[in-house]
Structure formats: C-alpha cells, structure tokens
Amino acid sequence: MRLKVLGSSGAEFPGHYPPAFLIDGKLLLDGGTIGARLSEAEQFAIKNVLLTHSHLDHIRAIPFLADNIVIKNKRHSIMLFGMQETLTVLKENVLNDKLWPDFTRISAAREPVVKLRSVIPGKSFRIGGYTVQASRVNHTVPAVGYTVKDQTGGRLLYSGDTGPTDAIWSAAKKVDAVIVEVSFPNSMEALALKTGHLTARLLAADLAKMKTPPGRVFITHAKPQYIGLIRKEIKKIRVKRIEMLRDGKTYEI
Ligand SMILES: [Zn+2]
Ligand SMILES: [Zn+2]
C-alpha cells in the first residue's frame with residue numbers, strides 16, 4: 001500500500017494542510033486537502049473517498065474536486081462513502097445549490113459528478129480491490145474510523161478525529177499501520193476530552209486496547225501551534241515505530 005499524505009494537520013498554516021490521505025493514487029481517506037497537492041491527472045485518478053465525519057477540515061476540498069471534474073466534462077465521477085449522518089450534512093449544507101452547486105445532480109457525462117453511499121459501522125464492504133470496514137469513534141459529531149485491507153492482505157487503520165474510544169481498537173485485527181490523531185499536548189487534556197480529541201497520553205491508553213500492537217503508528221491532526229511539544233510527548237510514550245506524518249510525503253506500508 002502506498003500512502004501519500006496530502007495533509008495531516010489539525011489546522012491550516014503555510015506547509016500545514018487539513019487531513020487527506022491518498023492510497024495507491026486512487027482511494028482517498030478524508031478530503032481536507034486535494035487540489036492544493038495533486039495535478040489535474042492525479043485528481044481525476046481519485047475514484048472513491050472515505051469520509052470519517054462532516055467537519056469542514058475533513059471535507060472542504062471535495063467541492064473543488066467536483067468543480068474541477070465538471071469543468072473538463074470528464075467521464076468521471078467520485079463516490080463519497082460515509083455514515084448517513086455525514087452525507088446528509090454534506091448534502092444539506094454544502095452541495096445544496098446555495099453554498100456550492102449540488103454536484104450529486106450535475107452530470108459530467110451521464111453520471112452525476114458526486115455519488116453518495118452510506119456505510120454501516122461494523123459491516124465490511126468492498127471498493128475496487130480493497131476491503132473496508134468503518135468503526136464508530138468518539139467525536140463531537142457522528143464519526144467513524146476505517147480499516148482498509150488491500151489485495152495482498154496489507155491493513156491500514158485510520159482513526160479520523162476521536163477522543164478516547166473502544167470499538168475501533170477492539171475490532172482491529174493485526175494491522176500494518178495505524179494513522180491516529182493527537183491534536184493537543186498533554187497539558188490540554190481537558191480541552192481534548194471536551195472536543196473529542198486525543199493527547200499523547202490518551203493515545204497511549206487507547207493503543208493499549210489493541211490485541212496485537214500495530215506495525216507502525218503515524219500521528220495526524222496535531223495543532224501546528226503545539227507541534228514541537230506534541231512531537232516530544234509522542235516520543236515519551238514508548239510505542240514502537242511511532243512518528244508524526246509529514247504533509248506531502250509518501251510512505252510504503
Ligand atoms: Zn472533527
Ligand atoms: Zn479534524
């Protein structure tokens with residue numbers, strides 16, 4: 001599995017982009033950053049997008065991707081996967097012909113540019129050559145994380161935004177890599193808990209819920225204002241092969 005980090009930041013600053021992870025050039029986990037990182041050809045190679053939740057930093061580049069597709073009148077469409085609650089928020093508040101055109105009704109060729117498909121937590125489904133399962137996580141709006149298994153058996157687990165949670169960790173089989181959020185430093189634990197996020201200390205407790213430790217742990221969603229401190233605190237929790245993701249970098253997992 002080839003993982004390209006389009007963004008892995010908990011905010012936007014120069015060099016820091018909101019979360020989106022491109023798997024093998026075609027399957028996208030969250031849509032916080034797309035066009036700022038990918039050429040037109042690379043954008044048109046995206047077929048499916050797994051959305052963790054409706055927050056703007058995770059969906060904001062999707063409307064621009066749809067616009068780029070329709071401008072070229074390509075015979076292309078994207079399928080957005082997410083919980084029904086997430087898709088409804090997107091449809092009613094973004095693709096509503098007010099904030100942005102309703103690309104679920106606008107066709108590039110015969111098909112709508114954007115198609116929506118709801119996922120049920122705990123139930124696995126297939127996308128192309130991947131087997132995907134959503135699991136509920138603990139955030140301020142309905143949210144899931146995803147486990148993605150490729151044809152060679154490689155497994156990646158992505159938490160999305162979450163505070164301390166259980167289902168996704170207890171359901172996890174042996175995974176090659178985990179992408180998990182740490183948004184705040186340990187000193188801001190109260191705010192992390194209130195807003196459905198993790199600190200390094202809270203992450204250590206959550207990773208201990210996994211039956212088998214993951215091969216690698218990648219950290220996402222750190223607030224850039226505290227990134228130095230978060231990096232230090234991540235090192236202290238003594239988890240093997242743990243590192244902060246770098247925006248723009250590609251990882252082989
Ligand atoms: Zn969020
Ligand atoms: Zn977020």
Q.
of a type in the set (Lys, Arg) and either over 30 Å from Gln43 (Cα atoms) or touching a helix residue (DSSP H, G or I) at 6+ places or on another chain (Cβ under 7 Å) (or both): which single residue out of Lys149, Lys123, Lys209, Lys115 fits that description?
A. Lys209
Q. Quick one: which of Leu203, Leu156 is in contact with a strand residue (DSSP E or B) (Cβ under 9 Å, 6 or more places away or on another chain), part of a helix (DSSP H, G or I) and surrounded by 18 or more Cβ atoms within 10 Å (Cβ to Cβ)?
A. Leu203
Q: Please give the helices (runs of 4 or more DSSP H) falling wholly within segment 21-83 in which 1 or more residues are open to solvent by 10 Å² or more (accessible area, probe 1.4 Å) and within 19 Å of Val137 (Cα to Cα).
A: 56-59
**Q.** Residues satisfying the stated conditions in segment 122-153, i.e. outside any loop (DSSP other than H, G, I, E, B), polar (S, T, N, Q) and within 15 Å of Lys174 (Cα to Cα)
**A.** Thr131, Gln133, Thr147
Q.
Looking at segment 7-20 only, could you name the residues that are assigned to a strand (DSSP E or B), within 12 Å of the chain's Cα centre (by Cα) and more than 16 Å from Val148 (Cβ to Cβ)?
A. Gly7, Ser9
**Q.** Selected residue [in contact with a strand residue (DSSP E or B) (Cβ under 6 Å, 6 or more places away or on another chain) and either closer than 23 Å to Lys4 by Cα or not β-branched (Val, Ile, Thr) (or both)] from Ile242, Ile227
**A.** Ile242
(Q) Can you tell me which condition Ile237 does not meet? The list is (1) open to solvent by 20 Å² or more (accessible area, probe 1.4 Å); (2) on the phi > 0 side of the Ramachandran plot; (3) in contact with a helix residue (DSSP H, G or I) (Cβ under 9 Å, 6 or more places away or on another chain); (4) not basic (Lys, Arg), and all the others hold. (A) (2)
Q) Looking at segment 45-77, which of its residues are in contact (Cβ under 8 Å) with a residue 60 or more places away in the chain, under 16 Å from Lys91 (Cα atoms) and more than 14 Å from ligand 2 (Cβ to nearest atom)? A) Leu50
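The values are calculated or read from the model by the stated rules, or taken from the named source; none is laboratory data. In this text the structure is predicted, and so the values were computed from the model without any measurement. When we count neighbours, we look across all protein chains shown, and the Cβ atoms used for this are built from the backbone with ideal geometry, even at glycine. Please note that ligands, DNA and RNA were not included when accessible areas were found on the heavy atoms of the full protein model with its side chains. Shrake-Rupley method; radii C 1.70, N 1.55, O 1.52, S 1.80 Å.
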